[in-house]
Each structure stands twice: as C-alpha cells, then as structure tokens.
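Engineer: One structure, pasted below without further comment.
The values are calculated or read from the model by the stated rules, or taken from the named source; none is laboratory data. Small disclaimer: the values here were computed from a predicted structure and weren't measured. Cβ sites come from the backbone with ideal geometry, for glycine too, and all protein chains shown count toward neighbours. For the accessible areas, the whole protein counts, side chains as well, though only heavy atoms, and no ligand, DNA or RNA atoms are used. Shrake-Rupley method; radii C 1.70, N 1.55, O 1.52, S 1.80 Å.
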Amino acid sequence: MKPTLLRLSTLIIVLFIVFSFKGKNTNSTSFKFLLTDPPTTKKLVLEKPNVTIGFIKLTDMAPLAIAKHLGFFEAEGLNVKLEVQANWRDILDKVLDQQIDGAQMLAGQPIAAAVGCGRQGALVTTFSMDLNGNAITVSKDVWSKIVDSIPQEYGKPVHPIPASALMPALNLYKKLNKPFVIGVVSAYSNHNYQLRYWLAAAGINPGFYSNNNIQGSKGTTGGDVLLNITAPPQMPETLLAGTINAYCVGEPWNQQAVDQGIGVPIVTSREIWKNHPEKVFVMTKEFVEKYPNTTIAITKALIKAGKWLDDPVNRKEATRILSKSAYVDGEKRVIDNSMLGTFEFEKGDVRSIPDFNVFFRYNATYPYYSDGIWFLTQMKRWGQIAEPKTNEWYHTKIKEVYKPEIWNTAAKLLLEEGFLTKAEIPVTDGYKPATTEFIDNMLYDGKKPVEYIKGFKIGIKD
C-alpha cells in the first residue's frame, strides 16, 4: 500500500510542477532546459584559458556580453576579460599586435587585411555574430527637406525609402555649393558598403577609391556625396553639430538620434539586403593554430550565447544586461527599441521589425563563404581592390579568412552535449543559395562574383 501511495504522491507533485508552468513558452530554450536534464558542457583541455576580447559599444556585441555574463565562457573553462575599444582601427591593430586575443570586428576588416587593403595581416573568423542591425539616419534638417517627396500611407512614410528620396536635399546642397556629408564607421565596414549600395541603386554615385585615398575616409572621387569616417558612439553628437548630414551605423545610435530628437532613421539595413551578415568574431591565424582547443571553446560559448539571445523570452533580460556600463552602457529603453522586435523611425512611428537583430536564426552564426565574398565584390566595385580578379581568386581568398570547419567542430560538440539539435547545424558547402533579396532585386550568387560585379550600372567592373 505504501509504495502505491508513494507513486501517487510523486505523480501529483510532477503534475503540479507541469501545470505550474502552463502558459509559458514551452518551445523556448530556457524552458526546455528546466524540464529536462540540463546539457552538460564537456570541457576541452585549453592551451590558453585566460583570454582578452575587444568590442565596441554596440548592441551587436551581445553574444560576447551574454557569453560572459551568463557564464557560457566560464562553463568552457575560459576566463574571459572583455575590453571596450575606442574605434574599429584600434580593434584591428590590437588583435594584429596581439595586445588582445580576439575581438568583435566589422565583417570587412579581416577580409580587407587579407587582400592588402589598409593594414595587412592573417586573420580568421570562426563565428558570425549577427544578421541585420544597421540603419541610415538623416538629420532633422535634411528630413524636413525630403519628407514631402516621400509617398505616404495612413499618414506615415511608405517603407523602404529609396535613396532617391534624398534628391531634394542633394540638389539644394549642390546649389549652395555645400557637400552633403554622410558618416560611416570605417572604409571596410558593412555600413560603408550598404550605404553605397543603397545610393547607387537609386542612381546616386557615392564615389570611388583611388590609389591616393584607398585607406582614407573619403572614397568619393566622382561622387555625389562626401563620406566621412566617424566612430559609432560619436554619430549623434556629430549629426547634431552639423558636421555630417546623415549616417549609417548600428544600434543603439540610430534610436539614440530619435530619442534625442535630432534625427530620423529612413531605412534599415535589412531593407537594403535582407538578413545580411554584420559583425564577426576574429582572431589571428597564429592564435587559432597555436591554441586550437581554446579557439573551439570560444566558438562554442558564442554559439550558445547566440541561441540564448534569439529566444524571445530572453530578450528583455538581454537588454538589461547590455545596458550595463561594462557593455553598451546605454539607456535600456533605447536599446529595447530595436532589440525587442520593433524599430522607431520618425518620433512616434514605431514599426514591427522582429528580425532587426538576429543572433542565431537563419544559421546566423555560421561563417558562410558567400557572405565574405559579397564584401570582396564591393571592395572591387568601389576601387579598394584595383586589379582584375578571377572567380577562383575570390573563392581562394575568402577561405583564408572564413573557417566554417572550426564552427562545425564546435557545433558538433554542442550537439553531443545537448545544446544544439541536428536541425540547427546547416548542411552546406559554405555557400548560400543565390538571392535577389536586395533593395534593387539584383541577383547575387556567391559562386559567380565576377558576373555579379559586371551587372551593376554604377561601379568598377574590371
């Protein structure tokens, strides 16, 4: 009789626990870990457990903050120190000079270093940090000059707003013999290439790089606008001062302009290229070869952080963590604007954009060759790469930098440990299918970069 009562009591307790959780998101990663035996990390023998990683105060550094704050690094046996850096050039120099062991970087930086644009060096990326996340913001003065020419629907501007909407302002500045200045964060940043793509799609020439200014901030030979390199946190104050008229940057600096009432974001990067890669995690080739287990452990922790971030249940906690002074050091309500699935354009014009920040879905963390090759095509298109190149050159060069084989090793270990499912590991040759999901609907096939470059109306083709 007693065993029967014991089993009945146990069943009642289990049912109580299950129904206590009823109504919660049972598909969330965190909830599944509560109901089942939690996955167990199998620590590798680390050659270098103490690691220093650099970052810039942007919301897309989130995988680093989460891996640190929630103990994903620690679970792998890593003692990670996160160090904020002043700008992207400092990050590149410090990784190459081995002052720091790895860093969040602009996707174009390790590629540019491999092909001789700017400072050269052998860098490796094993992990793509996120998709989307940028926007183009204009000053309130510029907005006042263009808003009347933008089609409206239900009293709000129709999106995506093409670059042709800038023409009233560009024509006025030209008449006044004043340059129309747009801020970007680096000559090798996604922001630079996205901005140029958006402008050129509307017939506005952003200008070309030449041997004289290939490393400089201009790149505007023959251009209709002037590009100026500005560090992300300085974008709003520079816009307010009138030094620049617009900028392309990641969050929270577009939403900061809205919050301060000094600017209006007019197009998101996702509208320019849907689900584009953004930042990458980078180490030197020497580091990866000297410390292979440490490299895999870092990659494992970051993959786990990316998956945690893309569980909607965790996003509010993520923005609380990011707002800390050790990470983005921004107002939580401003970070919430983009991280919680919405985005505010003109003050009060809040729209649902659930994929504004993607950290894991759509295989976001996988370093696809085709993503890297797109950056190479834009470097060639705008004159940063001067000599003619063959398709084979693009494929060979990107494989020096992007290392999906290391990602796969880390992911397979996470699969064995129970942190990933088989469906979350892409079956791929490293190239995404061809896509037309750009603002101009142009076809991009990462396996045919030369043909892709030749299809543009504005750009260097050979």
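Engineer: Please go through segment 224-281 and give me each residue that is more than 22 Å from the chain's Cα centre (by Cα) and assigned to a loop (DSSP other than H, G, I, E, B), ordered by number.
Structural biologist: Matches in segment 224-281: Asp224, Val225, Gly242, Thr243, Ile244, Asn245, Gly261, Ile262.
Engineer: In segment 133-157, what residues are modelled with pLDDT of 95 or more and assigned to a loop (DSSP other than H, G, I, E, B)?
Structural biologist: Across segment 133-157, the qualifying residues are Gly133, Ile150, Pro151.
Quick grid of which residues meet (1) more than 15 Å from Leu302 (Cβ to Cβ); (2) surrounded by fewer than 24 Cβ atoms within 10 Å (Cβ to Cβ):
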{"residue": "Phe55", "(1), (2)": "no, no"}
{"residue": "Leu70", "(1), (2)": "no, yes"}
{"residue": "Gln85", "(1), (2)": "yes, yes"}
{"residue": "Asp90", "(1), (2)": "yes, yes"}
{"residue": "Asp93", "(1), (2)": "yes, yes"}
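Engineer: Looking at segment 106-127, I want the residues that are on the phi > 0 side of the Ramachandran plot and in the same structural domain as Ala364 (by the TED database) and have a partner that is part of a helix (DSSP H, G or I) and crowded, with 24+ Cβ neighbours inside 10 Å with Cβ atoms under 6 Å, at least 6 apart or on another chain. Which pairs are those?
Structural biologist: Gly118/Ala112
Engineer: Glu387: open to solvent by 10 Å² or more (accessible area, probe 1.4 Å) and either at pLDDT 95 or above or not in a loop (DSSP other than H, G, I, E, B) (or both), yes or no?
Structural biologist: Answer is no for this residue.
Engineer: Taking segment 324-335, which residues are open to solvent by less than 30 Å² (accessible area, probe 1.4 Å) and of a type outside the set (A, V, I, L, M, F, W, C)?
Structural biologist: Selection gives Tyr327, Gly330.
Engineer: For Thr390, only one of the following conditions fails: (1) over 15 Å from Leu131 (Cα atoms); (2) under 20 Å from the mean Cα position of the chain (by Cα). What is its number?
Structural biologist: (2)
Engineer: For segment 215-223, indicate whether the set of residues that are touching a residue at least 40 places away in the same chain (Cβ under 8 Å) and surrounded by 24 or more Cβ atoms within 10 Å (Cβ to Cβ) is non-empty.
Structural biologist: yes
Engineer: Now, a different point. Filter segment 189-210 for residues that are out of contact with any strand residue (DSSP E or B) (no Cβ under 6 Å at 6 or more places or on another chain) and open to solvent by 10 Å² or more (accessible area, probe 1.4 Å); which is farthest from Trp143 (Cα to Cα)?
Structural biologist: Tyr209
Engineer: Given the criterion outside the structural domain of Val264 (by the TED database), at pLDDT 95 or above and of a type in the set (Lys, Arg), identify the matching residue among Lys43, Lys94.
Structural biologist: Only one candidate qualifies: Lys94.
Engineer: If only one of Ala326, Ala305, Ala301 is outside any helix (DSSP H, G or I) and within 30 Å of Lys43 (Cβ to Cβ), which one is it?
Structural biologist: Ala326
Engineer: Still on this model: Could you list, ordered by first residue, the pairs with Cβ atoms under 9 Å in which the first is in segment 58-73 and not assigned by the TED database to the domain that holds Ser189 and in a loop (DSSP other than H, G, I, E, B) and the second is among the β-branched types (Val, Ile, Thr) and open to solvent by less than 10 Å² (accessible area, probe 1.4 Å), at least 6 apart or interchain?
Structural biologist: Leu58/Val249; Leu58/Val328; Leu70/Ile321
Engineer: Among the listed residues Ile262, Ile229, Ile266, identify the single one that is within 27 Å of Ala62 (Cβ to Cβ) and surrounded by 23 or more Cβ atoms within 10 Å (Cβ to Cβ).
Structural biologist: Result of the check over Ile262, Ile229, Ile266: Ile266.
Engineer: Another question about this same structure. Quick test for you: out of Leu131, Leu166, Leu170, Leu123, pick the one residue that is over 23 Å from Ala200 (Cα atoms) and surrounded by 15 or more Cβ atoms within 10 Å (Cβ to Cβ).
Structural biologist: After ruling out the rest, the residue left standing is Leu123.
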